[in-house]
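The values are calculated or read from the model by the stated rules, or taken from the named source; none is laboratory data. All of these numbers come straight from a predicted model, not from anything done at the bench. Backbone-built Cβ (ideal geometry, glycine too); neighbour counts: all protein chains shown. SASA here: full protein model, heavy atoms, side chains in, ligands and nucleic acids out. Shrake-Rupley method; radii C 1.70, N 1.55, O 1.52, S 1.80 Å.
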Amino acid sequence: MTLRHTIITTETGFDALASDWRTLEAEIPDLLPFQTFDWNRLWWRFFSDTSLFHRDELAICAMYENEKLVAVMPLCNTHIGFYRFHVYRYVRPFGADPNLTELRLPLALPAYKDSILRFWETMSRQEIVGLAEFQLIHTQAHAEHFLTHNQEIHPLSSRTIPNFVLHLNDDWHTFKTKLKRNIKESLRHCYNSLKRDQLHPELKLIDGSENLKLNITKFFALHTARASADADVSHPDYFAKAQHKDFILALLDSEFSRRCILFSLELNGEPVAMRLGFKMNDELYLYYSGYDLTYSKYSVMTTLVAETIQWAITQKIQRINLSVGEDVSKTRWGPEVINYVEYHCVRNNFLRRTFGQHIYRLRQWRKNTLLRKLNQA
């Protein structure tokens, strides 16, 4: 058995990975949409940036066992400086966008989840001039194990990213009996209030590239409406920018569209709530949503999730990924919590630790400023 590593730096090499990457996807039971070839190829097309003082370069780390692709980690190698002279380099997984890419994890068969992280050693040794910062994202256990055994890399900061995964039963009745009392009461209220006002709920599934494109504008509008709601939990409009809408439309034009389902809750034939989902092997990933504020008193988003769970059970789907971020709309269903961790790291010496800390704080200030503007938009 021969283990071979390679770092791909050209778009031609990126495209050549398509077949092997998609084959690997089919072998991963807990596959995320953000780990697929199509998502990453389109992300590079829409979000990579090259200008006079800022240059993004490909650094896709691929691992082969006897010529079979067993792990891949798409990295963006960003240089800040002029032409080939850089004062700062930032190596991070694809997906540095305004939360369109919710989890940025390497794709690997279970036996290679530790091995793929060794590429960080290779990338850190490429540092010649200036400061290089590395962003490491993985399950907490794997990331901590890697850093413990690589003392030459120093973490500047860490952030835990909770992911909520709901395990399904064989039938809706069994599933519902195991729910907490508050969500059971909420569900009764949802359905009884609709019945009282003679509103008949029906779940409509929209799939197929053309059908999705015909209905995605309605989804964007409902998402914008949800963002404008005066609620305890803030929901930014992640598709306010044309670039972000275009990215989703490009996904619907790619092979990835076969994974996409738009779940639409209709009341007497009128769509009032929608959620975009991705069918990922044994798992359904629930992405962003939106609803008509006129029907907020009926808790239509809770009803939509309930209807989606019932559909998933009939389809023998084993898990529903409720996405990242801790809020009551996820925790009320009693899901499993899987913690990922994000580390920002530099080479472990005094000058780089000090300089890196200042640069990191400056970038966090800039990021928070942009998020505030997004929330106010």
query = Has the range 151-171 got at least one residue that is open to solvent by 60 Å² or more (accessible area, probe 1.4 Å), in contact with a strand residue (DSSP E or B) (Cβ under 9 Å, 6 or more places away or on another chain) and modelled with pLDDT under 85?
reply = yes
ask   = Taking the condition buried (at least 18 other Cβ atoms within 10 Å of the Cβ), modelled with pLDDT under 90 and within 19 Å of the chain's Cα centre (by Cα), does Leu136 pass?
value = yes
message = part of a helix (DSSP H, G or I) and open to solvent by less than 70 Å² (accessible area, probe 1.4 Å): is that true of Leu212 in this structure?
response = yes
request  = Return a yes/no flag: does the range 60-67 have any residue that is closer than 14 Å to Gly95 by Cβ, among the aliphatic types (A, V, I, L, M) and without any contact (Cβ under 8 Å) to a residue 60 or more places away in the chain.
outcome  = yes
Verdict on Phe175 being among the aromatic types (Phe, Trp, Tyr), open to solvent by less than 20 Å² (accessible area, probe 1.4 Å), in contact (Cβ under 8 Å) with a residue 24 or more places away in the chain and under 30 Å from Trp21 (Cα atoms) = no
task = Would you point out the residue of the range 306-329, among those that are of a type in the set (Asp, Glu) and modelled with pLDDT under 95, that is nearest to Glu202 (Cα to Cα)?
result = Asp327
task = Identify all residues within the range 45-76 that are of a type in the set (Phe, Trp, Tyr) and either buried (at least 17 other Cβ atoms within 10 Å of the Cβ) or under 17 Å from Leu109 (Cβ atoms) (or both); write none if there are none.
result = Phe47, Tyr64
query = Is it true that some residue in the range 137-160 is of a type in the set (S, T, N, Q), free of Cβ contacts under 8 Å to residues at least 24 places away in the same chain and within 30 Å of His344 (Cα to Cα)?
reply = yes
note = Exactly one of Leu187, Leu194, Leu199, Leu205 is open to solvent by 40 Å² or more (accessible area, probe 1.4 Å), among the hydrophobic types (A, V, I, L, M, F, W, C) and either more than 29 Å from Tyr88 (Cα to Cα) or assigned to a loop (DSSP other than H, G, I, E, B) (or both), and that residue is Leu205
Selection count, the range 224-269, where residues are open to solvent by less than 10 Å² (accessible area, probe 1.4 Å) and either aliphatic (A, V, I, L, M) or part of a helix (DSSP H, G or I) (or both) = 9
message = Please verify whether His79 is over 21 Å from Asp114 (Cα atoms) and in contact with a Lys or Arg (Cβ under 7 Å, 6 or more places away or on another chain), treating the condition exactly as stated.
response = yes
When residues of the range 226-265 are limited to those that are closer than 14 Å to Gly290 by Cβ and either among the hydroxyl-bearing types (Ser, Thr, Tyr) or over 22 Å from the mean Cα position of the chain (by Cα) (or both), the one modelled with the lowest pLDDT = Ala231
ask   = Given (1) out of contact with any His (no Cβ under 6 Å at 6 or more places or on another chain); (2) open to solvent by less than 40 Å² (accessible area, probe 1.4 Å); (3) outside any helix (DSSP H, G or I); (4) in contact (Cβ under 8 Å) with a residue 40 or more places away in the chain, where does Gly290 come up short, assuming only one miss?
value = (1)
inquiry  = Can you confirm whether Arg332 is touching a helix residue (DSSP H, G or I) at 6+ places or on another chain (Cβ under 9 Å), free of Cβ contacts under 8 Å to residues at least 40 places away in the same chain and open to solvent by 10 Å² or more (accessible area, probe 1.4 Å)?
reply    = no
